[in-house]
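A quick write-up on the structure given underneath.
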Amino acid sequence: MKSILYLPLLGLIGLACTKTDPIVGQTEITKFQGNKKGAISVTYDDGIVNQFTIAKPIMDSLALPATFYIITGKVEGSGKGKFIGRDPKEIISETARIKTDSTNFFERASLIAFTGSSEAEDYHARAGSLFEQGKVAEAHALIDEGYTKIRRGTMKNTNDVVFHNNAEDTTTWEQYRSYSAQGHEIASHTVTHPRLAALDEVNMLYELEQSKADLLKFIGPESTFSAEGPYGTENERVMEFAHKVYPSLRNRMPEDWLEEINRGSKMTPGESTKEYVQWQRGPVTRIDITQMKAWVDTTMSHDNNWLVLVFHGIENLGWEPKTRSELVEYFSYMKANEPNLWIATFREVTKYLRERKATQVSTEVSKNAITVELSSSLDPETYSVPLTLKTYVPAGWTSVQLAQSQGNVNLEVQTDEKGSYVIYEVRPGSAKVSLKKGS
């Protein structure tokens, strides 16, 4: 009998266990749950009602989970959007005497969206976009233009802004809670969908923290794990604050072993040498179904690809909508390839990858049993996604039984070029499990 410690940093988790049978006992945590070739997370932004009345039923019929990033301030009972700070009248009055610059931009950009018209919200969004593009002087000038209109009383209600006050988006917390219970992830897209990079600290934190508080109150801790900052922001200042509020962001993650290819990047998954690639693609109106299917095919052609799909509008509502017929065809294609793909929420894939990287495996091998134990520095209450293990067993074992606290499970013995092995799942923080030779 001997004990072996397997370190995830080595890539392979396992060493020889005997001189005569070196492969027996070698164990690795597979890259994706179920030993699949790749992973796909289907995500939706903005909480558009058609996502729940059209897209979700299609996915439910195929038993596919999704992540919905919702604007919590639209949901009845939630904390609403508001400006936090000095008296707005004082700030507006100052804009007549002092031009916008780096010392007051964030305060003014935070307030302007709450001055009473959809055109003002549009000024906030456009100024934030310019700021994130590095066009700081143009952003300052646009804010000055907006406040000039406010002071003169010439701002208009254009009805062009659909994210904040869309009367058709009437989904309730009770409905969201039921969707979560069905296995979907309901997560934060902030309170009002602002340009976070253009907000001052107190207003940015309100957007992040109030949204999280409402998700915790109305659904539970499972909905406070991941979030998406609006407009796909990767602003460094925003990321610094947001990562302190949410363990995971679809915008960007800090892991050095993860290559992140955002929606605007022309980089392909095969160009990366990192252990994992998160490949975000946006199935917008102009992208046809052939291209969308090609993303799935690319995911299956690699062994480290996590395809993250970002949907917005559905049918006739929301930004860049996709049609019902496209969704039926696309999700059916994904389902047909499920033997090679782990289709899971953004939260579940994130947790699995982190668990795998933080977990050590030790084994003890005897004549008729292999004992396997996991240890990890992560909190098992939060990181509880079952890990898939692959353990090599003696060639003479034609049947194997997994003995664990929940009961015994019969495992199928499979073979590859190295030898005989079994695939099974173990929860992080579990007690030891044993693989025993079947009778």
For the range 49-105: of the residues being among the charged types (D, E, K, R) and part of a helix (DSSP H, G or I), which is farthest from Pro194 (Cα to Cα)?
Asp60
Give the residues of the range 384-439 that are farther than 19 Å from Ile23 by Cβ, in contact with an Asp or Glu (Cβ under 9 Å, 6 or more places away or on another chain) and either assigned to a loop (DSSP other than H, G, I, E, B) or polar (S, T, N, Q) (or both), sorted by residue number.
Ser384, Val385, Pro386, Pro428, Gly429, Ser430, Ala431, Lys432
What number of residues within the range 385-439 satisfy the criterion of being open to solvent by 40 Å² or more (accessible area, probe 1.4 Å), of a type in the set (Gly, Ala, Ser) and in contact with a Pro (Cβ under 8 Å, 6 or more places away or on another chain)?
1
Hits in the range 269-278 (condition: open to solvent by 20 Å² or more (accessible area, probe 1.4 Å) and either assigned to a strand (DSSP E or B) or of a type outside the set (Ser, Thr, Tyr) (or both)):
Gly270, Glu271, Lys274, Glu275
Pair list, Cβ under 7 Å, 6 or more apart: the range 115-130 residue closer than 19 Å to Gly85 by Cβ, other residue of a type outside the set (Phe, Trp, Tyr) and modelled with pLDDT under 90
Ala120/Met155; Glu121/Val161; Glu121/His164
Options Val310, Val361, Val296: the member that is more than 18 Å from the chain's Cα centre (by Cα) and surrounded by 16 or more Cβ atoms within 10 Å (Cβ to Cβ)
Val361
Quick test of your reading of the structure: Gly318 fulfils all but one of (1) more than 22 Å from Lys436 (Cβ to Cβ); (2) modelled with pLDDT of 95 or more; (3) not hydroxyl-bearing (Ser, Thr, Tyr). Name the failing condition by number.
(2)
Being touching a helix residue (DSSP H, G or I) at 6+ places or on another chain (Cβ under 6 Å) and buried (at least 22 other Cβ atoms within 10 Å of the Cβ): is that true of Leu196 here?
yes
Leu378 is checked against (1) open to solvent by less than 30 Å² (accessible area, probe 1.4 Å); (2) among the aliphatic types (A, V, I, L, M); (3) under 24 Å from Lys36 (Cβ atoms) and fails just one. What number does that condition carry?
(1)
Among the candidates Arg252, Arg263, residue that is closer than 20 Å to Thr67 by Cα, crowded, with 17+ Cβ neighbours inside 10 Å and under 17 Å from the mean Cα position of the chain (by Cα)
Arg252
Go over the candidates Tyr231, Tyr176 one by one and state the one that is at positive phi and touching a residue at least 60 places away in the same chain (Cβ under 8 Å).
Tyr231
Which one is least open to solvent (accessible area, probe 1.4 Å) among residues in the range 163-189 that are out of contact with any strand residue (DSSP E or B) (no Cβ under 9 Å at 6 or more places or on another chain), at pLDDT 95 or above and assigned to a loop (DSSP other than H, G, I, E, B)?
Gly183
Any chance the range 46-56 includes a residue that's open to solvent by 20 Å² or more (accessible area, probe 1.4 Å) and under 30 Å from Glu201 (Cβ atoms)?
no
May I ask you to verify whether Ile219 is more than 17 Å from the chain's Cα centre (by Cα), surrounded by 14 or more Cβ atoms within 10 Å (Cβ to Cβ) and farther than 29 Å from Ser117 by Cβ?
yes
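The values are calculated or read from the model by the stated rules, or taken from the named source; none is laboratory data. Because the structure is a prediction, the values reported are computed rather than measured. Glycine also receives a Cβ, built like all others from the backbone with ideal geometry; neighbour counts cover every protein chain displayed. Protein only, heavy atoms only, side chains kept; ligands, DNA and RNA dropped before computing areas. Shrake-Rupley method; radii C 1.70, N 1.55, O 1.52, S 1.80 Å.
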